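Chemist: Please see the structure below; I have some questions.
The values are calculated or read from the model by the stated rules, or taken from the named source; none is laboratory data. Note that the coordinates shown come from a computational prediction; the quantities given were computed from them, not determined experimentally. Every residue, glycine among them, receives a Cβ derived from its backbone with ideal geometry; neighbour counts consider all protein chains shown. Keep in mind that these areas ignore ligands, DNA and RNA; they rest on the heavy atoms of the full protein, side chains included. Shrake-Rupley method; radii C 1.70, N 1.55, O 1.52, S 1.80 Å.
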Amino acid sequence: NLHLEVLGKRKDGYHELAMLMQSINLEDYLEIELNNNGVINLSSNNNELDLKEDNLIIKAANILRNCYPDRKLGANIFLNKNIPIGAGLAGGSSNAAATLIGLNKLWALNLDQPILKRLALNLGSDVPFFLEGGSQYCFGRGEVLEKYRFDSRFFMIILKNPKVSLSTSEIYQKYSDKFQMNYLNSEVEYENKRNILRSIDFSYDNFVNRRIKIRNDLQKIVQNENKSVSDALNLFSKIKECISFSMSGSGPSCYGLFDNYEIAQHVYEKNKKLFLSFGYDSWLCEFQS
């Protein structure tokens, strides 16, 4: 999340959001093959994952199967897990989207993008984004997408304490409890905020010259309650080459942005032991279009 703004509470119980989201090259890998027994089998290299019916991969497969109850659709799915669990990096959501794309092709369902987006929204508010990825404004619950194009590639270092996970729903509830008096209440007000976001120039020059500070409203809650987040943000604040930094999503992952791969790599190698001493796993990543 390069921008996450909570605008208000919707009638359906979800929050109205204004976000700019970006795909990066920290990826899980899904291997999918047909089977003839009409069953979805999910396995993984990560033994901490729940691989039962409430896993988003199985939910995505079942949503597709329910569209064709007369067909005996089955698959064996193996998940090679690289994205940390409970990190605020949408690993589960991206896997759900990948499952929809993969099984739509493997089962020869030929569902078009609008249908896949509707199915994706039933799995999670940010799942529609991952059907296309890249750089996109995400409005509504996160499902109203508008393409954005950066004028340059950026690189990032991500920090996440493997012992710390946070509940997205709990973070939103805490945010609502503290800031609901500031919530907007009308579509006119929402659209005004969307237009303000659209007007921000997330250009190379503005990042490099520190004219832009990334905004994440949920960070207001988490950084005061979670030491791993406040420490990570503090570490990035002391790296002079870091052009901006923030928490991602509902946390606890945090990232620092860099405008140049060589600089990012140098900083990463120089500080790897420091990051580890604070208890962080770390990754060097880049934007993907």
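Chemist: In this structure, is Ser176 more than 15 Å from Val6 (Cβ to Cβ), among the hydroxyl-bearing types (Ser, Thr, Tyr), under 24 Å from the mean Cα position of the chain (by Cα) and part of a helix (DSSP H, G or I)?
Modeler: no
Chemist: Working carefully through the options Pro128, Pro84, Pro114, find the one that is touching an Asp or Glu at 6+ places or on another chain (Cβ under 8 Å) and open to solvent by 20 Å² or more (accessible area, probe 1.4 Å).
Modeler: Pro84
Chemist: Sticking with this structure for a sec: For the list (1) in a strand (DSSP E or B); (2) farther than 30 Å from Asp151 by Cα, I need the number of the one condition that Asp50 fails.
Modeler: Failed condition: (1).
Chemist: Have a look at Leu56, Leu106 and point out the one that is surrounded by 18 or more Cβ atoms within 10 Å (Cβ to Cβ) and either among the hydroxyl-bearing types (Ser, Thr, Tyr) or in contact (Cβ under 8 Å) with a residue 12 or more places away in the chain (or both).
Modeler: Leu56
Chemist: May I ask you to list the residues in the stretch 145-179 that are hydroxyl-bearing (Ser, Thr, Tyr), farther than 27 Å from Gly279 by Cβ and open to solvent by 30 Å² or more (accessible area, probe 1.4 Å)?
Modeler: Listed by number, the residues that qualify are Tyr148, Ser152.
Chemist: Within the stretch 207-230, identify whether any single residue is in a helix (DSSP H, G or I), open to solvent by 30 Å² or more (accessible area, probe 1.4 Å) and more than 26 Å from Gly86 (Cα to Cα), and answer yes or no.
Modeler: Yes - at least one qualifying residue is present in the stretch 207-230.
Chemist: Next question, about the same structure. Identify the residue in the stretch 109-130 that is of a type outside the set (S, T, N, Q) and without any contact (Cβ under 8 Å) to a residue 12 or more places away in the chain and, among all such residues, is nearest to Leu89 (Cα to Cα).
Modeler: Arg118
Chemist: Condition check: out of contact with any helix residue (DSSP H, G or I) (no Cβ under 7 Å at 6 or more places or on another chain), among the small types (Gly, Ala, Ser) and either at pLDDT 95 or above or not in a helix (DSSP H, G or I) (or both). Does Ser152 satisfy that?
Modeler: Spelling it out, it is not the case that Ser152 is out of contact with any helix residue (DSSP H, G or I) (no Cβ under 7 Å at 6 or more places or on another chain), among the small types (Gly, Ala, Ser) and either at pLDDT 95 or above or not in a helix (DSSP H, G or I) (or both).
Chemist: Select from the stretch 273-289 the residues that are assigned to a helix (DSSP H, G or I) and touching a helix residue (DSSP H, G or I) at 6+ places or on another chain (Cβ under 9 Å) and write down the one among them that is farthest from Met21 (Cα to Cα).
Modeler: So, considering only residues that are assigned to a helix (DSSP H, G or I) and touching a helix residue (DSSP H, G or I) at 6+ places or on another chain (Cβ under 9 Å), the one farthest from Met21 (Cα to Cα) is Leu274.
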